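K.L.:
Can you keep this structure in mind? I'll have questions shortly.
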């Protein structure tokens, strides 16, 4: 029984998240032959202030790019 956790920055629509979960579940079934009913997938959303790249939060990076 595969368990798949997707961690991503918050802000996607419910439709985008639903599509992602469906695609990941299907890819798991296709790639390892797991029966669809055994695939468990979920999303953990992280606020942009709580994730950093090279020490700079995503919120700060986004603010900089919005200024240019």
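Let's see how each residue does on (1) under 15 Å from the mean Cα position of the chain (by Cα); (2) assigned to a strand (DSSP E or B):
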residue	(1), (2)
6	yes, yes
12	yes, no
34	no, no
41	yes, yes
44	yes, yes
49	no, no
63	no, no
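K.L.:
Can you tell which of 11, 33 is surrounded by 10 or more Cβ atoms within 10 Å (Cβ to Cβ) and at positive phi?
P.N.:
11
K.L.:
Take the conditions surrounded by 10 or more Cβ atoms within 10 Å (Cβ to Cβ), modelled with pLDDT of 95 or more and in a helix (DSSP H, G or I) and apply them to residue 25. Does it pass?
P.N.:
Yes.
The values are calculated or read from the model by the stated rules, or taken from the named source; none is laboratory data. Just so it is clear, the model here is predicted, and its values are computed rather than measured. Here the Cβ is made from the backbone with ideal geometry for all residues, glycine too, and neighbour counts use every protein chain on show.
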